[in-house]
Amino acid sequence: MKKWIIIAAVAVVVFWCVGIYNSLVSKDEGVKTAWSQVENVYQRRADLIPNLVSTVKGYAAHEKGTLEGVMEARGKAMGVTGGNLSEENVAAYGKAQGEVSSALNRLLMVVENYPDLKANQNFLDLQAQLEGTENRIAEARRGFNEVAKEYNTYMRTFPNNIIAGMFGFQQKGYFEADEDAKKAPKVEF
Amino acid sequence: MFRPFLLTLALLAALPLQAGLFDSSKDGLPESPDPPRLVNDFASVIPAYQRDSLERVLVAFDDSTSNQICIVTMPTLDGREIVEYGTALGNKWGVGSKRNNGVLILLKIRNPQLESDPDAKYVDVAILPGRGLEGAIPDAYAARIIRNIMGPYLREDNYVPALTEACAEVMALAAGEISEPRDGEEEEDGWELLFYIILIIIVLVLITRRKHSGGSGTNTGSRGGFGGPIIFGGGGSSSGAVLPVASVALAAAPSAVAAPTDGSRPVCR
């Protein structure tokens with residue numbers, strides 16, 4: 001009789017652990033999906049940059065420093081990946097992309113001095129695409145932070161943390177509030 | 001915490017007709033209209049007869065192509081970024097169907113009397129297509145519609161033609177991408193329903209056949225309130241029904257916006 005009670009108890013504990021493990025896996029997948037969305041929109045921005053730079057070059061060739069700054073920041077950011085999404089990795093990724101943002105902001109500020117460029121349809125389209133992409137980036141970052149927070153909270157709660165520790169689940173990092181993401185300048189209608 | 005609530009009160013006082021649509025819930029967004037409407041003139045800038053005709057055009061467009069275009073005018077956004085506001089609003093209301101084929105046209109009017117709003121002197125407008133229509137209405141096109149078609153009217157605070165003409169253009173673009181009659185979806189639901197009915201009948205037959213074994217607790221086969229989306233559909237599951245797009249930029253000369261070359265361009269005036 002006693003034997004059966006022990007077996008039953010062990011079975012309950014095992015099933016319970018399996019449940020927690022499975023939840024951890026599915027939440028981890030959720031975080032990965034949200035991250036791929038983040039990478040996706042940043043890639044989209046990276047794809048726009050060469051086009052933008054070459055368009056600006058046609059009108060403002062002697063702003064070489066600014067243009068090269070953008071390409072350089074882009075190149076550096078392309079080399080940074082999220083890896084295992086640990087706090088350091090996410091922070092490093094955010095920083096590299098933040099540098100692209102500031103380089104782009106500098107470029108768009110320079111553009112203000114070239115009215116011909118600002119009236120160019122191609123440039124206006126690129127600018128609109130860039131703005132749309134920045135909006136999507138903000139959205140993707142928000143989404144990632146949300147699921148990462150959910151995962152972290154679940155993972156660190158007792159007794160889930162025991163299972164998480166046993167199977168090597170790591171805490172995920174968050175994106176910091178993006179101070180470089182300045183608001184689009186207001187255009188008076 | 002205190003200020004938004006006061007602001008809400010001020011809005012309620014200013015718009016007695018729309019009272020109750022504004023809530024002081026934490027997201028600070030208006031509740032989705034009940035009964036559902038596609039033209040939501042919270043800023044009271046569209047005369048009633050024009051609002052009704054615009055609504056009819058949009059409902060007809062929704063019926064024939066399943067693309068939902070939703071117009072929202074606001075007196076103020078409480079200083080929030082228009083794209084962020086519009087995205088949250090579109091997602092909250094679930095503009096569009098399961099394919100995320102909704103478009104939200106959000107217009108914040110110039111409202112210089114409203115001192116609580118830092119952006120009161122500006123008109124702000126955003127065209128926000130759902131994910132399913134991003135291909136049909138890319139950012140550059142949305143920006144062109146705003147810049148070239150709406151811009152000249154908005155500069156003169158002439159909101160109604162700005163909205164109707166933008167609508168016509170958005171419809172022309174959207175119709176090319178997803179175009180299937182509304183009842184296509186309903187038919188699917190119908191088959192599903194039929195399936196469940198047959199299933200229930202089979203189960204009932206089985207139960208009555210073995211009366212002796214005492215068919216315990218009848219399993220009610222009803223699926224909790226399905227009621228296909230009529231105006232505002234969209235599963236609440238997807239967190240990105242509407243995606244941010246164009247904000248505002250101005251150019252001098254209005255130039256033609258690239259429109260698809262199919263002849264079936266809906267009219268919206």
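Bear in mind that the values in this text are calculations on the coordinates, not laboratory data. It should be emphasised that the depicted structure is a prediction, and the values quoted were computed from it without experimental measurement. Reconstructed Cβ throughout: ideal geometry from the backbone, glycine too, with neighbour counts over all protein chains shown.
Using only the C-alpha atoms, the convex hull of the stretch A:2-176 corresponds to 97 Å³ per residue. Computed over neighbours whose Cβ is under 12 Å from that of B:Leu114, the net charge equals -1, Lys and Arg +1, Asp and Glu -1. Here the simple spin-label model places points 7 Å from the Cα toward Cβ, and for A:Lys95 and B:Ile198 these points are separated by 6.3 nm. Here's the picture: charge each Lys and Arg Cβ at +1 and each Asp and Glu Cβ at -1 in the stretch A:81-175, and of A:Val111, A:Leu126, A:Ala96 the one pushed furthest to the positive end of that dipole is A:Ala96. The equivalent ellipsoid of the stretch B:95-164 has semi-axes of 26, 15, 10 Å, largest first, where each one is the square root of 5 times an eigenvalue of the Cα gyration tensor. Relative contact order, percent, of chain A when contacts are C-alpha pairs under 8 Å separated by at least 6 residues? Dividing the mean separation by the residue count of chain A yields 33 percent.
Residue by residue along B:153-161, Cβ atoms of other protein chains within 10 Å of the local Cβ number 1 on average.
If R0 is 60 Å, the Cβ-Cβ spacing of A:Ala11 and A:Glu72 corresponds to a FRET efficiency of close to 0.50.
Hydrodynamic estimate: the Kirkwood radius of the stretch B:25-157 over Cα pairs, inserted into Stokes-Einstein at 25 °C and 0.890 mPa s, corresponds to D of 159 µm²/s. Overall, the stretch B:64-176 carries a charge dipole of about 380 debye about its Cα centre when +1 sits on the Cβ of Lys and Arg and -1 on the Cβ of Asp and Glu, all other atoms neutral. Using only Cα atoms, find the angle between the long axis of helix A:87-111 and the longest principal axis of chain A, and express it within 0 to 90 degrees, rounded to the nearest 10. So the helix axis and the longest Cα principal axis differ by about 20 degrees.
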